[in-house]
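Below is one structure, written out as structure tokens, with a few remarks after it.
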Amino acid sequence: MARLGDSSRTSLKSILEAVLMAADEPLNLPDLASVFTDEERPSNADIGNALKELGDDYAERGVELKEVANGFRIQVREDVNPW
């Protein structure tokens with residue numbers, strides 16, 4: 001696996017976005033942390049901050065980052081769901 005930070009194009013936020021997009025179900029913080037090796041694993045606070053930034057990025061888009069009872073998922077916004 002590429003090390004976090006090996007590329008200026010690879011950020012924690014980008015990695016989390018890709019993991020959430022590929023997941024078949026919501027993922028919680030331990031699930032998200034588990035994709036990293038022990039040496040590269042970010043703190044829960046860093047993961048939380050990246051998720052907040054990702055949610056902010058989606059503010060004006062047709063998808064959103066949603067926290068549900070069992071974790072986080074990326075989903076279509078309700079207001080555009082009919083289409």
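Does residue 32 qualify as being among the aliphatic types (A, V, I, L, M), at pLDDT 95 or above and open to solvent by less than 30 Å² (accessible area, probe 1.4 Å)?
Against the criterion (among the aliphatic types (A, V, I, L, M), at pLDDT 95 or above and open to solvent by less than 30 Å² (accessible area, probe 1.4 Å)), residue 32 qualifies.
Every residue in the stretch 13-61 that is β-branched (Val, Ile, Thr), farther than 24 Å from residue 80 by Cα and under 10 Å from the mean Cα position of the chain (by Cα), please.
Correct list: 15, 47.
Among the residues of the stretch 35-58, write down those that are part of a loop (DSSP other than H, G, I, E, B) and either surrounded by 12 or more Cβ atoms within 10 Å (Cβ to Cβ) or touching a residue at least 60 places away in the same chain (Cβ under 8 Å) (or both).
The answer is 35, 36, 40, 41, 42, 58.
The values are calculated or read from the model by the stated rules, or taken from the named source; none is laboratory data. The model shown is predicted, which means the values in this text are computed figures rather than measured ones. Using ideal geometry, Cβ is built from the backbone for each residue, glycine included, and neighbour counts are taken over all protein chains shown. Ligands, DNA and RNA are excluded from the accessible area calculation, which covers all protein heavy atoms including side chains. Shrake-Rupley method; radii C 1.70, N 1.55, O 1.52, S 1.80 Å.
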